[in-house]
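Novice: This is the structure I want to talk about, given as structure tokens.
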Amino acid sequence: MKILVVYHSQYGHVETMAKAVAEGVSEVSGAELVLRRVREFPEYVKHVEQEKGAAYQAYQSQQTDPECTVEDLRDAEGVLFGSPTRYGNMTAQMKALIDSTAQLWSNGQMEGKPAGVFTSTATTHGGQETTLLTMMVPLLHLGMLIVGVPYSLPEMNHTEARGGTPYGASTIAGPKGELHPTPGDLAIAKAQGKRVAEVAVALRSKK
Ligand SMILES: Cc1cc2nc3c(=O)[nH]c(=O)nc-3n(C[C@H](O)[C@H](O)[C@H](O)COP(=O)(O)O)c2cc1C
């Protein structure tokens, strides 16, 4: 059973979280991991290729992960979507992927599939919850079953300046992207990937 982890990441934070989510998926017997990146806007690619900065390095390193297609979404039995925040919402690139699912929506092909969302913000209160909650809206229209993160996970109960929400895994990148996902952030991301895959396996056994 294919479990898709699809991420958009311009500086590598969500990419790192996606790798932890993927690790969790891979631990589940019967789950086959499919790791994909979201297609970048051509204008952005042109810009980072000229700048040759940190975003270019991140872009280059992600080229080994194939671009996500509508077929990847159709063929997956569970999906985890990772996007950095843009003014408290997912990125336009991730939204463009989700908006390309009209055919899947009209045929009900995403219905009943478990879905999880994860994110990154620059600052502590930069909109993790709003990003995660608004990412869920189109997924509910598609008929997907939202899977969050339970507080029984020890890493969830903290008051530190790091991520981890019941709506999905998260991390704080820092205003200049200088921070990295903490061990706690990664543990939550891994647990979320595992949970979505476990739900997908359990749902299939009931069919
Ligand atoms: C146009 C734009 C809007 C952003 N809006 C927010 C925001 O509302 N809150 C916040 O904390 N960070 C914001 N950021 C920072 C990004 O969320 C941050 O760069 C990202 O989480 C890093 O993840 P990545 O390394 O995976 O790209 C914004 C960045 C851009 C370019």
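Novice: Could you tell me which of the residues K46, K52 is over 23 Å from G163 (Cα atoms) and at pLDDT below 95? Give the steps one after another, and end with the answer.
Specialist: Numbers: K46 fails: at pLDDT below 95.
Going through K46, K52 in turn, the sole match is K52.
Novice: How many residues does the range 164-177 contain that are more than 10 Å from the ligand (Cβ to nearest atom) and either over 12 Å from L132 (Cα atoms) or out of contact with any Ser or Thr (no Cβ under 7 Å at 6 or more places or on another chain) (or both)?
Specialist: As a first pass, look at the range 164-177 and keep what is more than 10 Å from the ligand (Cβ to nearest atom): 164-169.
In the following step, the residues that additionally are either over 12 Å from L132 (Cα atoms) or out of contact with any Ser or Thr (no Cβ under 7 Å at 6 or more places or on another chain) (or both) were identified as 165-167, 169.
Count: 4.
Novice: Same structure, new question: Testing V70 on (1) touching a Ser or Thr at 6+ places or on another chain (Cβ under 7 Å); (2) within 16 Å of the ligand (Cβ to nearest atom); (3) not aromatic (F, W, Y), one condition comes back false. Which one is that?
Specialist: (2)
Novice: On the given criteria, is P154 buried (at least 18 other Cβ atoms within 10 Å of the Cβ) and within 22 Å of E23 (Cβ to Cβ)?
Specialist: Working: buried (at least 18 other Cβ atoms within 10 Å of the Cβ): no; within 22 Å of E23 (Cβ to Cβ): yes.
No: the conditions fail for P154.
Novice: Can you tell me which residue is nearest to the ligand (Cβ to nearest atom) among those in the range 98-143 that are among the charged types (D, E, K, R) and either on the phi > 0 side of the Ramachandran plot or not in a loop (DSSP other than H, G, I, E, B) (or both)? Walk me through it before giving the result.
Specialist: Just the residues of the range 98-143 that are among the charged types (D, E, K, R), to begin with: 99, 111, 113, 129.
So of that shortlist, the ones also either on the phi > 0 side of the Ramachandran plot or not in a loop (DSSP other than H, G, I, E, B) (or both) come out as 99, 129.
Details: D99: 19, E129: 11 Å.
So the residue we want is E129.
Novice: Going by the structure shown, is V196 β-branched (V, I, T), more than 13 Å from the chain's Cα centre (by Cα), part of a helix (DSSP H, G or I) and more than 14 Å from the ligand (Cβ to nearest atom)? Step through it out loud before you land on a result.
Specialist: Numbers: β-branched (V, I, T): yes; more than 13 Å from the chain's Cα centre (by Cα): no; part of a helix (DSSP H, G or I): yes; more than 14 Å from the ligand (Cβ to nearest atom): yes.
For V196, the condition - β-branched (V, I, T), more than 13 Å from the chain's Cα centre (by Cα), part of a helix (DSSP H, G or I) and more than 14 Å from the ligand (Cβ to nearest atom) - is not met.
Novice: Further question: Can you pull out every residue in the range 73-88 that is within 16 Å of the ligand (Cβ to nearest atom) and buried (at least 18 other Cβ atoms within 10 Å of the Cβ)? Before the answer, list the steps.
Specialist: Of the residues in the range 73-88, the ones within 16 Å of the ligand (Cβ to nearest atom) are 80-88.
Within the range 73-88, L80, F81, G82, S83, P84, T85 qualify.
Novice: Within 15 Å of the ligand (Cβ to nearest atom) and surrounded by fewer than 21 Cβ atoms within 10 Å (Cβ to Cβ): is that true of V6 in this structure? Steps first, answer last, please.
Specialist: Values: within 15 Å of the ligand (Cβ to nearest atom): yes; surrounded by fewer than 21 Cβ atoms within 10 Å (Cβ to Cβ): no.
So V6 does not fit the description; no.
Novice: What strands (runs of 3 or more DSSP E) completely inside the range 1-91 contain at least 3 residues that are small (G, A, S)?
Specialist: Working: elements: 2-7, 32-37, 78-84.
Strands (runs of 3 or more DSSP E) meeting the threshold: 78-84.
Novice: Right, something else. Go through the range 144-157 and report how many residues are out of contact with any strand residue (DSSP E or B) (no Cβ under 9 Å at 6 or more places or on another chain) and not in a loop (DSSP other than H, G, I, E, B). Spell out how you get there, then give the answer.
Specialist: Let us first name the residues in the range 144-157 that are out of contact with any strand residue (DSSP E or B) (no Cβ under 9 Å at 6 or more places or on another chain), namely 150-155, 157.
Of the ones still in play, those that are also not in a loop (DSSP other than H, G, I, E, B) are 154-155.
Residues meeting the conditions: 2.
The values are calculated or read from the model by the stated rules, or taken from the named source; none is laboratory data. Remember, predicted model here, so these are calculated numbers, not experimental data. Note: ideal-geometry Cβ built from the backbone for every residue, glycine included; neighbour counts use all protein chains shown.
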